[in-house]
Each structure stands twice: as structure tokens, then as C-alpha cells.
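Below is one structure, written out as C-alpha cells, with a few remarks after it.
The values are calculated or read from the model by the stated rules, or taken from the named source; none is laboratory data. Note that the coordinates shown come from a computational prediction; the quantities given were computed from them, not determined experimentally. Because the Cβ atoms are built from the backbone with ideal geometry, glycine has one as well, and the counts that use them run over all protein chains shown. These area figures cover heavy atoms from the full protein model, side chains too; ligands, DNA and RNA do not enter into them. Shrake-Rupley method; radii C 1.70, N 1.55, O 1.52, S 1.80 Å.
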Amino acid sequence: MPWIRACSVEELDDGDALQLETTPPIAVFNVEGEFFALNDTCTHGQSSLADGYVDGDQVECAWHFAKFDIRTGAVLTPPASIPLCTYKVRVEGPDVMVEMPDGD
Ligand code: FES
């Protein structure tokens, strides 16, 4: 599967997130220097989780406040009930790379 450059390591501070305009949109998070990638769209609605509230390794949806585990995509708090897809991330030199799903 193809890897894409998400950002530079220095672009994304601890506790920050950014949205990749991919299909599907992917949110990349920095949790204490580790990078994680998840589907950006909340599984309860259409809210961007990159625009949510990050607290440690959890992100809270800005719309109805469902919480997800950034490390695993698991739902921690309703009203969402479906976990988020996760993507592999690796750091290559100065860049954060995300493995995209096959585009079929
Ligand atoms: S859209 Fe995220 S909790 Fe409703």
C-alpha cells in the first residue's frame, strides 16, 4: 500500500492534530512525540476529529463529545459506538508518513 507524507515532524506539536485531505480524510495526531493516524470523520456524524479536543491520548469530537482512543481508534464515550479505522505511521527522517488504504 502506498505511503504518503503527512507533514514534517516539527510541524505537529505534542497535543496537536492535522487533517489530510485524502479519501477518506485522515487525522494525524502527535501524542507525546508519537504520531498516530485515524479516520478524521467521527463515526457518529460528519465532524472532523482533527478539529476536536485532544487530551493526552484521547480526542473528543467537537459536535457531540464522543471520545476516542487516539492509539487504537476505540470508542471511549458515547454517542459514537463504532471505532475509528487506524493507519500505520512511520517517521522517515524529518517526515511523518502515513500508509494509505488501497484505493479500490
Ligand atoms: S458527530 Fe462526533 S459525536 Fe456526534
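Any residue that is under 14 Å from Ala17 (Cβ atoms) and of a type in the set (A, V, I, L, M) - is there at least one of those in segment 70-77?
Within segment 70-77, one or more residues are under 14 Å from Ala17 (Cβ atoms) and of a type in the set (A, V, I, L, M).
Only one of Gln19, Gln58, Gln46 is in contact with a Ser or Thr (Cβ under 7 Å, 6 or more places away or on another chain) and either in contact (Cβ under 8 Å) with a residue 12 or more places away in the chain or of a type outside the set (A, V, I, L, M) (or both); which?
Gln19
Within segment 21-44, is even one residue under 17 Å from Trp3 (Cβ atoms), within 16 Å of the ligand (Cβ to nearest atom) and modelled with pLDDT under 95?
Taking every residue of segment 21-44 in turn, at least one turns out to be under 17 Å from Trp3 (Cβ atoms), within 16 Å of the ligand (Cβ to nearest atom) and modelled with pLDDT under 95.
Quick one: how many residues across segment 1-26 are open to solvent by 70 Å² or more (accessible area, probe 1.4 Å) and of a type in the set (A, V, I, L, M)?
Total meeting the criteria: 1.
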